[in-house]
Amino acid sequence: MLLNVRGRDVGSFVDEAKNAIASQAQLPAGYYVEWSGEYENQQRARSRLLIVVPIVLVIIFALLYITYHSALEAAHVLLAVPFALTGGVYLLWLLNYNFSVAVWVGFIALFGTAVQTAVVMVIYLNEAVERKRHKLGDLDRHR
């Protein structure tokens, strides 16, 4: 059987269809229902993302730690990311978009942009604190 889904995400449709088939159809022994196509690709991509995303987060944290020589500064950068992702989720809800592989790719790009912006902000804040310390140090010496 071939189905096209419009106006909703494939995952929720397949979940609903699985429940309907399980409750209404009794398959003979040796028969089974398999979902393929876009749903199968989405499930494969989801399982890969569940492995890749934590690995990427650990690598990014390690690179930030190497950059700043501080786990606290690295954590500050990574803590900016959920706020950016929250904005993306609200926008999806507001525009009534469904989660898809393309949306997840967009979130990965947003993640990179949020990390890059946070890195620049931490560098700027560190430099501003150093300038202030240096200025206050010079004032203390002149008293």
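The values are calculated or read from the model by the stated rules, or taken from the named source; none is laboratory data. Since we're looking at a predicted model, the values are computed, not measured. In this analysis, Cβ positions are derived from the backbone assuming ideal geometry, glycine residues included, and neighbour counts consider all displayed protein chains. Protein only, heavy atoms only, side chains kept; ligands, DNA and RNA dropped before computing areas. Shrake-Rupley method; radii C 1.70, N 1.55, O 1.52, S 1.80 Å.
Among the listed residues 77, 119, 115, 103, identify the single one that is in contact with a Leu (Cβ under 9 Å, 6 or more places away or on another chain) and modelled with pLDDT under 85.
Only one candidate qualifies: 103.
Condition check for residue 31 on (1) open to solvent by less than 60 Å² (accessible area, probe 1.4 Å); (2) not in a helix (DSSP H, G or I): one failure, at (1).
Here residue 78 does not qualify as over 30 Å from residue 41 (Cβ atoms) and part of a helix (DSSP H, G or I).
Residues checked against (1) in contact with a Phe, Trp or Tyr (Cβ under 7 Å, 6 or more places away or on another chain); (2) β-branched (Val, Ile, Thr):
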site	(1), (2)
21	no, yes
30	no, no
61	no, no
81	yes, yes
88	yes, no
98	no, no
106	no, no
115	no, yes
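Would you say residue 64 is open to solvent by 60 Å² or more (accessible area, probe 1.4 Å) and either touching a residue at least 24 places away in the same chain (Cβ under 8 Å) or in a helix (DSSP H, G or I) (or both)? Judged against the criteria, residue 64 is not a match.
Of all residues in the range 34-59, those satisfying the criterion of being surrounded by 10 or more Cβ atoms within 10 Å (Cβ to Cβ) and more than 30 Å from residue 75 (Cα to Cα) are 35, 37, 38, 39, 40, 41, 42, 43, 44.
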